Amino acid sequence: MTALVHFHSPVGNLSIEATDEGVCAVAFGAGGRHRPPVGAAAQDHVRAALAALADYFAGRAPRLPPLVLRGTDFELAVWRALMAIPFGETRTYGELARILRRPGAARAVGQANHRNPVPILVPCHRVVASGGLGGYGGGTEVKRWLLSHEASHMPVLR
């Protein structure tokens with residue numbers, strides 16, 4: 001069982017899901033019905049995720065809650081690399097593939113980004129196409145807003 005809450009953000013409603021181990025999903029939209037937390041730990045993780053998102057959208061450096069990321073070894077490596085991209089900066093899919101020592105894997109990096117279960121907290125919006133913005137699960141306008149938000153708060157968020 002998981003705890004599910006909704007958060008109203010400047011980029012629309014977000015659904016946040018957590019288990020006793022940590023936050024396992026952030027989704028755009030308000031899908032699903034509120035569920036009571038199954039334990040105190042899940043409730044604490046939800047509160048921590050809400051605080052992190054509130055800080056992020058207020059232009060303050062968020063303290064990340066424990067995250068439960070499930071994926072392939074490659075996806076996990078991509079998601080760790082995403083968390084290493086500083087606020088206000090971007091990398092291309094190709095650059096991220098080279099960082100991971102998989103120079104021909106730009107498309108695979110894009111697919112791993114697409115499967116990121118915890119957007120914003122695991123900042124897949126910081127990866128752009130070599131020729132422009134690229135896609136985003138929350139939509140390109142949301143991606144553009146997030147990047148602009150980070151750029152305007154960069155000294156504080158770093």
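Below are the figures for this structure:
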read-out: Accessible surface, 1.4 Å probe, highest first, among residues ASP55, ASP44; value: ASP44, ASP55
read-out: Additional length obtainable on full extension of the chain from GLU21 to ARG80, 0.36 nm per residue less Cα span; value: 19.5 nm
read-out: Cα Rg, Dmax, region 48-101, angstrom units; value: 13.1, 35
read-out: Whole-number accessible area per residue in Å² for the chain, which is evaluated in the context of all protein chains at 1.4 Å; value: 50 Å²
read-out: Gain on full stretching of the segment that runs from ASP73 to ARG107 - 0.36 nm per residue minus C-alpha separation; value: 10.6 nm
read-out: Rg/Rh for the chain, where both radii come from Cα atoms and Rh is the Kirkwood radius; value: 0.96
read-out: Rel. contact order, % - alpha carbon contacts under 8 angstrom, at least six apart, region 1-111; value: 19 percent
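The values are calculated or read from the model by the stated rules, or taken from the named source; none is laboratory data. None of the values given here were measured: they were computed from a predicted structure. Keep in mind that these areas ignore ligands, DNA and RNA; they rest on the heavy atoms of the full protein, side chains included. Shrake-Rupley method; radii C 1.70, N 1.55, O 1.52, S 1.80 Å.
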